[in-house]
1. Using amide H atoms built in the peptide plane, which far-off residues or other-chain residues are under 5 Å from G137 H to H?
2. Calculate one ³J(HN,Hα) per residue across the range 168-177 by plugging θ = phi - 60° into the Karplus curve 6.51 cos²θ - 1.76 cosθ + 1.60, and present them in order as whole Hz with x for glycine and proline.
3. Based on the mean of other beta carbon atoms within 10 Å per residue, what is the order of 120-126, 213-219, 74-80, most packed first?
4. Given H placed 1.01 Å from N in the peptide plane, which residues other than close sequence neighbours of K229 have an amide H under 5 Å from its amide H?
5. So, for the range 90-202, what is the accessible surface per residue at a probe of 1.4 Å, expressed in square angstrom?
6. Run through the DSSP bridge list for the range 128-247 and note the antiparallel percent, rounded to the nearest 5.
7. Using r as the Cβ-Cβ distance of R70 and A158, and R0 as 35 Å, what FRET efficiency do you calculate, to the nearest 0.05?
8. Rounded to the nearest percent, how much of the accessible area of the range 59-126 (1.4 Å probe, protein heavy atoms only) is carbon and sulfur?
Amino acid sequence: MVSRRTALLVGLGAIVAACTGRGPSAALGSPSPSAASDTTPTASSVATPACVATPAETEGPCFVDERLNRSDITTDSSTGSKRNGVPLDLTFQVARVSSSGCTSLGGAQVDVWHCDAAGVYSDVAAQSTVGQRFLRGYQLTGADGIARFATIYPGWYAGRTVHIHFKVRMYTGATKTYEFSSQLFFDDAVTDAVYKAAPYSSRPNRDTRNQTDMVYTSNGNSGSVLLVKAAPSGAGYAAAFAIGLNF
């Protein structure tokens, strides 16, 4: 079970949710452990954001700690096969927020996982994908707090709007000192455009949009501040998300 914590999110905010449901909200409160990492790059100053305090919740059953250190998560590391879909370049900028300001957070482990164009997660027994490792991986942020991933635009599955899960962890040696999990959402109009093309077009009529998603609309419609702006880029899209953690 993931610890329930409060985070300050740069401009966008965050809420953690299960891949098939949502746990109860946690009370606001700052995590107690101090954060450290195996690597200690020099922090650089970043603009102090207007932050939104948001409670974290359970991550759900679809997180698997594969320990796949890679930026390109489109391939199945067990077979080498590539997941088809519209390319998505996803960039995180992670910062630490304190009373003295906001600085880039280097050495943070950022995990990303999401379903494929058919709405299937890898390495999940209920989906008969145990042993497969597609659309999962992590990167360590550099001194600038940035971690980048090459992936595909996520598909959909019954009862959920389109989303990507992420987790930020800090370590001292092998000891985890901090953890925060959440989800990103996409503008429905962009999703509608993406889903007109194969392989998404083989699954029309998705049943849940942002305003009918139980996670997006929870905690005062918090999903509205978790939207990433996916802009056309080459043959696909690029999206960036800035997150500030208060610990």
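The values are calculated or read from the model by the stated rules, or taken from the named source; none is laboratory data. Because the structure is a prediction, the values reported are computed rather than measured. With ideal geometry, Cβ positions are generated from the backbone for all residues, glycine too; neighbour counts draw on all protein chains shown. Just the protein is used for accessible areas: all its heavy atoms, side chains included, with ligands, DNA and RNA removed. Shrake-Rupley method; radii C 1.70, N 1.55, O 1.52, S 1.80 Å.
1. Residues meeting the amide H criterion: V112.
2. Using θ = phi - 60°, the values come out as 10, 10, 10, 10, 10, x, 8, 8, 6, 10 Hz.
3. On the way: 120-126: 17.3, 213-219: 19.1, 74-80: 14.9.
Ranked from most to least packed, the peptides come out as 213-219, 120-126, 74-80.
4. Result for K229 returns A240.
5. Details: 3510 Å² over 113 residues.
On a per-residue basis, the range 90-202 sits at 31 Å².
6. On the way: 13 of 15 bridges.
Within the range 128-247, antiparallel bridges account for around 85 percent of the total.
7. Numbers: r = 29 Å, r/R0 = 0.84.
Given R0 = 35 Å and the Cβ-Cβ separation, E is 0.75.
8. Values: 1240 of 2600 Å².
Percent of accessible area from carbon and sulfur atoms in the range 59-126: 47.
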